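**Q** Just dropping this structure here.
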Amino acid sequence: MAALKDRLSHARHVLITWDGSCAQGALQEFVSEVQALVAPGGKVSVENVERLMFSAHTESGFDAVLLGLVPGSTAVHSSDVLTEVARILKPGGSVMLQELVDPQAGSVARLRSPAQLSSNLTLSGLTEVIQISEEPVSLQQIQGIKERLGSSSNDIMSVTIAAKKPNYEVGSSRQLSLSRRPVAGKPSADPTAVKLWTLSANDMNDEDVDLLDSDELLDQDDLKKPLPSSLRASGCGEGSEKKRKACKNCTCGLAEELEEEKSKSTAAKPANSACGNCYLGDAFRCASCPYLGMPAFKPGEKILLNSGQLQDS
């Protein structure tokens, strides 16, 4: 109780959790003891640990939370419960937890080792996790624990661990003040070197400063437009003149050039009359005449047909 007294002397709102294994008389006696330890005018709340996740406790509402400290408690506090405890604790608030553990770390499915329990507290957002005490459990108590938790281990122990919530809320921010003082051990810059690499507006008029014109760095060959063939990658356009093929993801312009040549080759060509009567009109045209439906035209006049009117007979 000494460690509990130190942590509750300034607490004004304390939460005590209990489970079904706690006797009613033991719970009432423990609540009375805690009420005597809290600050004057402090309040003690009691909550079933199995209902803690469904409660409506406000965020940062408690100065301290006591888990499993009621005599006879066999509660195993899940990671969700520990996370909820971290949520409802005030910044800087304390947690004291008493739980059954198995030092063999994994021989019992529902029980954890002391190291695993401390790790779960840390992962829940709590800091300064320390183990206060470790007590063996009598054989008579172990038998009852086995029946309740379905355990088969004979090395069950009871540990008490304390932890704290950091002195800040999740998502809080603070503006950093960046100091401009020189860093200890860092050599100062040589003033001569600083002046050498500094160019001011007055230096632009200094006769001793030679400024280069960027246009003078280019000769006549640099100003000539390069040939498209010189920009092509190796392998692009290889093959015969009639079967040139652009490479994949061509960027040198050959793909566009071949596409333009293809479109020109497929352009509509003027159709020649086979019977010589196409210009007279539909009455004199044969059934396969490409000029069907068109008005008569003068002999020798060139009529261009689009690609949709050209069909194989």
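The values are calculated or read from the model by the stated rules, or taken from the named source; none is laboratory data. Quick caveat, the model's predicted, so the values are computed rather than measured. Quick reminder, even Gly has a Cβ in these numbers, built from the backbone with ideal geometry, and neighbours come from all protein chains shown.
**Q** Report whether or not Val65 is over 20 Å from Val159 (Cα atoms) and modelled with pLDDT of 90 or more.
**A** no
**Q** So which of Pro295, Pro299, Pro270 ends up being more than 60 Å from the chain's Cα centre (by Cα), assigned to a loop (DSSP other than H, G, I, E, B) and modelled with pLDDT of 80 or more?
**A** Within the list Pro295, Pro299, Pro270, the selection yields Pro295.
For (1) more than 19 Å from Val129 (Cβ to Cβ); (2) charged (D, E, K, R); (3) at pLDDT 85 or above, each residue gets a yes or a no:
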residue	(1), (2), (3)
Ala3	no, no, no
Phe30	yes, no, yes
Met53	yes, no, yes
His77	no, no, yes
Gln98	no, no, yes
Leu111	no, no, no
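**Q** Also, quick follow-up: Taking region 153-174 as the search range and keeping residues that are polar (S, T, N, Q) and closer than 29 Å to Asp102 by Cα, which one is surrounded by the fewest Cβ atoms within 10 Å (Cβ to Cβ)?
**A** So the residue we want is Asn154.
**Q** Can you find even one residue in region 234-244 that is out of contact with any helix residue (DSSP H, G or I) (no Cβ under 6 Å at 6 or more places or on another chain), in a loop (DSSP other than H, G, I, E, B) and modelled with pLDDT of 80 or more?
**A** No.
**Q** Just one of Val70, Val85, Val81 is touching a Phe, Trp or Tyr at 6+ places or on another chain (Cβ under 9 Å) and assigned to a helix (DSSP H, G or I); which is it?
**A** Criteria check complete, one pass: Val85.
**Q** Looking at region 98-115, which of its residues are exposed (fewer than 14 other Cβ atoms within 10 Å of the Cβ) and outside any loop (DSSP other than H, G, I, E, B)?
**A** Answer for region 98-115, where residues must be exposed (fewer than 14 other Cβ atoms within 10 Å of the Cβ) and outside any loop (DSSP other than H, G, I, E, B): just Ala115.
**Q** Evaluate region 40-48: report whether one residue or more is closer than 21 Å to Lys164 by Cα, at pLDDT 90 or above and hydroxyl-bearing (Ser, Thr, Tyr).
**A** Among the residues of region 40-48, at least one is closer than 21 Å to Lys164 by Cα, at pLDDT 90 or above and hydroxyl-bearing (Ser, Thr, Tyr), which makes the answer yes.
**Q** Only one of Val95, Val76 is surrounded by 22 or more Cβ atoms within 10 Å (Cβ to Cβ) and within 18 Å of Leu123 (Cα to Cα). Can you tell me which?
**A** Val95 is the lone residue from the list that is surrounded by 22 or more Cβ atoms within 10 Å (Cβ to Cβ) and within 18 Å of Leu123 (Cα to Cα).
**Q** Could you list, in sequence order, the residues of region 49-63 that are in contact (Cβ under 8 Å) with a residue 24 or more places away in the chain and closer than 10 Å to Ile88 by Cβ?
**A** Taking region 49-63 first, the residues in contact (Cβ under 8 Å) with a residue 24 or more places away in the chain are 49-50, 52-53, 57-63.
Within region 49-63, Leu52, His57, Thr58, Glu59, Ser60, Gly61, Phe62 meet the criteria.
**Q** Looking at Glu128, is it assigned by TED's automatic domain parsing to the domain that holds Val31 and in a helix (DSSP H, G or I)?
**A** no
**Q** Scanning region 133-152 for residues that are aliphatic (A, V, I, L, M) and surrounded by 14 or more Cβ atoms within 10 Å (Cβ to Cβ), which turns out modelled with the lowest pLDDT?
**A** Leu149
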